[in-house]
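Beneath this line is the structure, given in structure tokens, with notes to follow.
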Amino acid sequence: MSATPTLIIAEAGVNHNGSLDRALALVDAAAAAGADIVKFQTFRAEAEISRYAEKADYQKQTTEAAESQLDMVKQLELGLEAHRIIAARCSNRGIRFLSTPFDEPSIDLLVNEMDVPIIKVSSGDIASGPLLLKIARTGRPVILSTGMCTLGDIEAALGVLAFGYLEPTALPSRNGFEAAYLSAAGRGVLGDLVTLLHCTTEYPAPIAEVNLRAMATLRLAFGLPVGYSDHTEGIAIPVAAVALGASVIEKHFTLDRNLPGPDHKASLEPAELAALVTAIRQVEQALGNGIKIPSASELKNKPIARKSLVASRSIRAGEVFSEENLTSKRPGNGVSPMDYWAYLGKAATRDYGDDETL
């Protein structure tokens with residue numbers, strides 16, 4: 001396994017449908033699957049969503065079409081006491097608790113009340129300057145999803161984060177953000193505290209629009225750790241992302257894809273989540289260290305699979321080795337066939353029987 005295993009975030013999100021019991025069952029399922037973190041979403045619907053906001057098409061298909069986005073999301077809120085109970089369950093099950101804040105009061109709840117060690121920022125908030133600034137000024141590491149983004153969008157967000165980390169009280173401005181991003185101190189603090197997640201913000205995401213190679217672009221453009229937040233169906237794409245170097249994988253999961261709610265249809269069920277974790281850990285082991293040498297298990301097969309120089313007919317001592325009396329066959333415990341041309345024209349120092357290895 002690699003020195004730094006992939007961080008696997010099981011995204012429970014709002015798949016609890018507002019039920020604390022279901023949220024606790026999601027914790028249990030994520031822990032049983034072997035995920036490192038189980039992540040929820042923390043919000044006050046009226047602080048995040050206007051009453052005029054429409055639902056996305058995929059949300060209209062999986063919830064009441066006439067219901068507003070605000071009304072849909074209000075049913076999915078979890079209060080402070082529920083957060084505490086969920087976090088306690090995580091501790092008991094040996095899995096880390098994480099939640100994405102969607103508004104400033106939720107940042108206060110997660111940082112001041114829950115003392116979360118990392119803050120995950122959703123793709124939808126990558127342009128939410130005040131939210132990003134408040135997050136950075138907590139001093140916490142950030143995992144930043146980049147769905148729907150250009151490189152310019154990401155650079156602007158990183159500028160706000162760099163400014164917030166470096167300037168806890170200074171008046172924010174676009175010029176200040178740019179200066180912070182371009183400074184050596186800003187690049188240093190971003191390198192220490194920020195991970196970018198490539199993402200395609202559609203549920204489920206079309207395979208042809210995933211563009212996993214964009215992870216390499218992000219890594220090259222920003223010099224930061226890069227992972228992948230997956231919204232495709234199945235587990236093949238996040239496993240491929242690990243093979244391409246993803247340091248973090250985030251994947252939605254649910255107890256039952258047939259439950260009502262906006263995200264269930266694009267989520268894994270518990271057995272699939274466990275299969276994803278297993279596949280990622282296998283890929284990590286398979287990646288190895290990149291040094292091309294025979295593995296320990298290969299060495300015993302080397303003399304069996306390779307060939308040696310062999311007498312293709314009886315050869316008498318003093319007879320010259322030639323194309324007519326010399327060939328190569330298994331096993332590979334004699335003279336290497338790479339020395340074939342060196343032996344041609346030389347005299348045999350002893351007798352060789354037909355098929356005898358040199």
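The values are calculated or read from the model by the stated rules, or taken from the named source; none is laboratory data. Bear in mind that the values here come from a model prediction, so they are computed numbers and not experimental data. Reconstructed Cβ throughout: ideal geometry from the backbone, glycine too, with neighbour counts over all protein chains shown.
Some notes on this structure:
- The one condition in (1) at pLDDT 95 or above; (2) closer than 30 Å to Phe40 by Cα that Pro262 fails to fulfil: (1)
- Filtered by the rule that a residue be without any contact (Cβ under 8 Å) to a residue 40 or more places away in the chain and closer than 18 Å to Leu80 by Cα, the range 1-31 gives Ser19, Asp21.
- Of all residues in the range 252-295, those satisfying the criterion of being within 17 Å of Ile37 (Cα to Cα) and of a type outside the set (A, V, I, L, M) are His252, Phe253, Thr254, Ser267, Glu269, Pro270, Glu272, Thr278, Arg281.
- Residue identified as within 14 Å of Leu197 (Cβ to Cβ), of a type in the set (Gly, Ala, Ser) and at pLDDT 95 or above among Gly227, Gly234: Gly227
- One residue from Thr150, Thr100, Thr169, Thr138 being closer than 15 Å to Leu193 by Cβ and of a type in the set (Ser, Thr, Tyr): Thr138
- All positions within the range 110-132 that are crowded, with 20+ Cβ neighbours inside 10 Å and more than 24 Å from the chain's Cα centre (by Cα): Leu131
- Boolean, Ile135 is closer than 22 Å to Ala12 by Cβ and either assigned to a helix (DSSP H, G or I) or not assigned by TED's automatic domain parsing to the domain that holds Pro105 (or both): yes
- Extreme residue, surrounded by the most Cβ atoms within 10 Å (Cβ to Cβ), among residues of the range 133-151 that are more than 19 Å from Arg219 (Cβ to Cβ) and in contact with a Phe, Trp or Tyr (Cβ under 9 Å, 6 or more places away or on another chain): Ala136
- Cβ-Cβ distances below 7 Å connect the following pairs, each with a first residue in the range 121-142 that is in contact (Cβ under 8 Å) with a residue 60 or more places away in the chain and more than 10 Å from Ala157 (Cβ to Cβ), a second residue that is β-branched (Val, Ile, Thr) and surrounded by fewer than 18 Cβ atoms within 10 Å (Cβ to Cβ), and a separation of six or more residues or different chains: Ser123/Thr201.
- Test: Leu276 is modelled with pLDDT of 95 or more and assigned by TED's automatic domain parsing to the domain that holds Gly234: yes
- Selection of first residues in the range 224-236 that are over 9 Å from Leu268 (Cβ atoms) and of second residues that are among the hydroxyl-bearing types (Ser, Thr, Tyr) and outside any loop (DSSP other than H, G, I, E, B), restricted to Cβ pairs under 7 Å at least 6 apart or on distinct chains, gives the following pairs, ordered by first then second residue: Leu224/Thr195; Pro225/Thr195; Gly227/Thr195; Ser229/Ser145.
- Taken together, the residues in the range 165-179 that are under 14 Å from Gly129 (Cα atoms) and under 31 Å from the mean Cα position of the chain (by Cα) amount to 3.
- In the range 182-208, the residues that are without any contact (Cβ under 8 Å) to a residue 40 or more places away in the chain reach residues that are part of a helix (DSSP H, G or I) and of a type in the set (Ser, Thr, Tyr) with C-beta atoms within less than 8 angstrom, at least six apart or across chains, in these pairs: Gly186/Tyr165; Arg187/Tyr181; Val189/Tyr165; Leu190/Tyr165; Leu190/Tyr181.
- Here Leu244 meets the list (1) surrounded by fewer than 19 Cβ atoms within 10 Å (Cβ to Cβ); (2) touching a residue at least 60 places away in the same chain (Cβ under 8 Å) almost entirely, failing just condition (2).
- Cβ-Cβ under 6 Å pairs, at least 6 apart or on other chains, the range 326-349 side closer than 28 Å to Glu298 by Cα, far side of a type in the set (D, E, K, R): Ser328/Lys307; Lys329/Lys307; Arg330/Lys307; Gly332/Arg306; Gly332/Lys307; Pro337/Lys307
- First in the range 75-93 and surrounded by fewer than 20 Cβ atoms within 10 Å (Cβ to Cβ), second anywhere and among the basic types (Lys, Arg) and in a loop (DSSP other than H, G, I, E, B), Cβ under 9 Å, 6 or more apart: Glu77/Arg44
- Residue, farthest from the chain's Cα centre (by Cα), within the range 284-340, restricted to residues that are farther than 30 Å from Val248 by Cα, assigned to a loop (DSSP other than H, G, I, E, B) and of a type in the set (S, T, N, Q): Ser314
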